[in-house]
Amino acid sequence: MCVVHDRLEVESNGKGTREITAEVQSRIDKSGVRNGAVTVFVQHTSCSLTMMENAAPAARRDVERFFDSLVPEDADYEHDDEGVDDMPSHIRMVLTRTSETIPIVDGKMRLGTWQGIFLFEHRRAPHRRRIWLTIIGE
Amino acid sequence: MCVVHDRLEVESNGKGTREITAEVQSRIDKSGVRNGAVTVFVQHTSCSLTMMENAAPAARRDVERFFDSLVPEDADYEHDDEGVDDMPSHIRMVLTRTSETIPIVDGKMRLGTWQGIFLFEHRRAPHRRRIWLTIIGE
Amino acid sequence: MCVVHDRLEVESNGKGTREITAEVQSRIDKSGVRNGAVTVFVQHTSCSLTMMENAAPAARRDVERFFDSLVPEDADYEHDDEGVDDMPSHIRMVLTRTSETIPIVDGKMRLGTWQGIFLFEHRRAPHRRRIWLTIIGE
């Protein structure tokens, strides 16, 4: 049994979802861990993590539109000194996820057929985002 | 320290919540792990995982009605070629959970008194759902 | 590799967010684990866990107001025999988190600069809340 830490740096292109499944798998390959679990952890509070259908881009656009509508940028927020997209980004993060733990079996993440791991960027401007990976197993 | 993987196959009966706490515990019993944690991971993007009150069925019905209302089936989705319940199911999954990690102490999950683990099915038709369990401990 | 369990008892002061980052870190220090991960698990269904911006109290108040508005206490719930704040508390729990797994590197949680761990109390009355910590590592 061992612990292997690794890190991804992902350039977001402003608001939207960006798949990171292949990058996470490549770090598991590098770790040598064959059986265990990987925890994917986003080190930010204005973007988040989500699992999503990875085949239909239209489905992801619907998700993004849903959050735009549920947590609008033009609502009356008390915390409004970092831009109109700042406070909605924190709320959207709270409604989604920061960490996700995924089984590793025979060296591969045991995801469903259409299941992908996505960084969900909530800020308008591009950001460099840090995602920590903790792989525990053997 | 060891890793034990196991899998549940759960028949959902269409939309709604279905408790899986006892099935998860029985797989922990079988694993022989006495101290550690279990990660429950749903391998799908149109159903999800949630913790809920396990004593009051009315409370679960309120949760289900809330999601029906928050993410309506009759909204105007771009991704609409797999049925009116498909796109809402992905959004409801994003708003809830895919993985949950629960402590195991003296061979038992350390859940609160009224706390249960539920599969939350978002599709209208019955589905056979796969849930992966990764038990890490000693 | 080892597993260390520990527990926090947190007094909530009624509805709102309360930071627990320092308490979690102090239990990691005590555990002696230098590399691994900690799972923070809330043993309740009427309060929850969230990550949040820990610098701006106004941002937390906006989050709290958002949930008050999204899941109102005066809606018509079927499960209404434990007070007007009971059913909304379960729904708000489902929309946020019960467990979160955070990397431990060189003895410290690898949180982002502004990232804190919060107990999110959804009941009006003060409650004594139990949070289980499972630290796995070496």
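Considering segment C:1-41 alone, what residues qualify as being assigned to a loop (DSSP other than H, G, I, E, B), within 25 Å of residue C:61 (Cβ to Cβ) and out of contact with any Pro (no Cβ under 8 Å at 6 or more places or on another chain)?
Filtering segment C:1-41 for residues assigned to a loop (DSSP other than H, G, I, E, B) gives C:1, C:12-15, C:20, C:32-35.
Subset that is within 25 Å of residue C:61 (Cβ to Cβ): C:12-15, C:20.
Answer for segment C:1-41, where residues must be assigned to a loop (DSSP other than H, G, I, E, B), within 25 Å of residue C:61 (Cβ to Cβ) and out of contact with any Pro (no Cβ under 8 Å at 6 or more places or on another chain): C:15, C:20.
Let's see how each residue does on (1) facing chain B (nearest Cβ under 8 Å); (2) free of Cβ contacts under 8 Å to residues at least 60 places away in the same chain; (3) of a type outside the set (Asp, Glu); (4) open to solvent by 10 Å² or more (accessible area, probe 1.4 Å):
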| site | (1), (2), (3), (4) |
| --- | --- |
| A:94 | no, yes, yes, no |
| A:98 | no, yes, yes, no |
| A:110 | yes, yes, yes, yes |
| A:118 | no, no, yes, no |
| A:122 | no, no, yes, no |
| A:133 | no, no, yes, no |
| A:136 | yes, no, yes, yes |
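Which pairs do you get when a residue that is touching a residue at least 12 places away in the same chain (Cβ under 8 Å), found in segment B:3-18, comes within reach of a residue that is assigned to a loop (DSSP other than H, G, I, E, B) and of a type in the set (A, V, I, L, M), reach meaning Cβ atoms under 9 angstrom, with the pair 6+ apart or on two chains? That search, which allows pairs on different chains as well, returns B:3/A:1; B:4/B:33; B:8/B:20; B:10/B:20; B:12/B:125; B:14/B:125. For segment C:54-75, the criterion of being away from chain B (no Cβ under 13 Å), crowded, with 21+ Cβ neighbours inside 10 Å, in contact with a strand residue (DSSP E or B) (Cβ under 8 Å, 6 or more places away or on another chain) and not charged (D, E, K, R) is satisfied by at least one residue. Do the conditions hold for residue C:22, that is, is it open to solvent by 10 Å² or more (accessible area, probe 1.4 Å) and modelled with pLDDT under 95? Answer is no for this residue. Taking segment C:44-53 as the range and being facing another protein chain (nearest Cβ under 7 Å) and within 22 Å of residue B:101 (Cα to Cα) as the test, the residues that pass are C:44, C:45, C:50, C:51, C:52.
Screening residue C:87 on (1) crowded, with 21+ Cβ neighbours inside 10 Å; (2) over 22 Å from residue A:90 (Cα atoms); (3) in contact with a strand residue (DSSP E or B) (Cβ under 6 Å, 6 or more places away or on another chain) shows it passes everything except condition (3).
How about segment A:25-36: which of its residues are open to solvent by less than 10 Å² (accessible area, probe 1.4 Å) and either basic (Lys, Arg) or under 20 Å from residue A:113 (Cα atoms) (or both)? First the steps, then the outcome.
Taking segment A:25-36 as the starting set, the residues that turn out to be open to solvent by less than 10 Å² (accessible area, probe 1.4 Å) are A:28, A:33, A:36.
A:28, A:36, listed by residue number.
Just to be sure, is residue C:107 more than 27 Å from residue C:27 (Cβ to Cβ) and out of contact with any Leu (no Cβ under 9 Å at 6 or more places or on another chain)? No. The number of residues in segment B:121-138 that are among the hydrophobic types (A, V, I, L, M, F, W, C) and outside any strand (DSSP E or B) comes to 1.
Name every residue in segment B:42-95 that is β-branched (Val, Ile, Thr) and part of a strand (DSSP E or B), in order of residue number. Talk me through it step by step, then tell me what you get.
Looking only at segment B:42-95, we keep the residues that are β-branched (Val, Ile, Thr), and these are B:42, B:45, B:50, B:63, B:71, B:84, B:91, B:94.
Hits for segment B:42-95 are B:42, B:50.
Among the listed residues C:49, C:70, C:111, which satisfies the condition of being closer than 22 Å to residue B:67 by Cβ and out of contact with any Lys or Arg (no Cβ under 7 Å at 6 or more places or on another chain)?
Just a single option satisfies the conditions, and that option is C:70.
Can we say residue C:41 is among the aromatic types (Phe, Trp, Tyr), more than 10 Å from chain B (Cβ to nearest Cβ) and open to solvent by less than 20 Å² (accessible area, probe 1.4 Å)? Criteria not met by residue C:41.
The numbered conditions (1) over 18 Å from the mean Cα position of the chain (by Cα); (2) within 8 Å of another protein chain (Cβ to nearest Cβ); (3) touching a residue at least 12 places away in the same chain (Cβ under 8 Å) are all true for residue C:79 except (3). Note on segment A:1-37: among residues that are of a type in the set (A, V, I, L, M, F, W, C) and within 22 Å of residue A:50 (Cα to Cα), the one that is farthest from the other protein chains (Cβ to nearest Cβ) is A:22.
The values are calculated or read from the model by the stated rules, or taken from the named source; none is laboratory data. As the structure is a computational prediction, the values presented were derived from the model and not from experiment. Cβ sites come from the backbone with ideal geometry, for glycine too, and all protein chains shown count toward neighbours. Quick note on the areas: whole protein, heavy atoms, side chains included, nothing else; ligands and nucleic acids left out. Shrake-Rupley method; radii C 1.70, N 1.55, O 1.52, S 1.80 Å.
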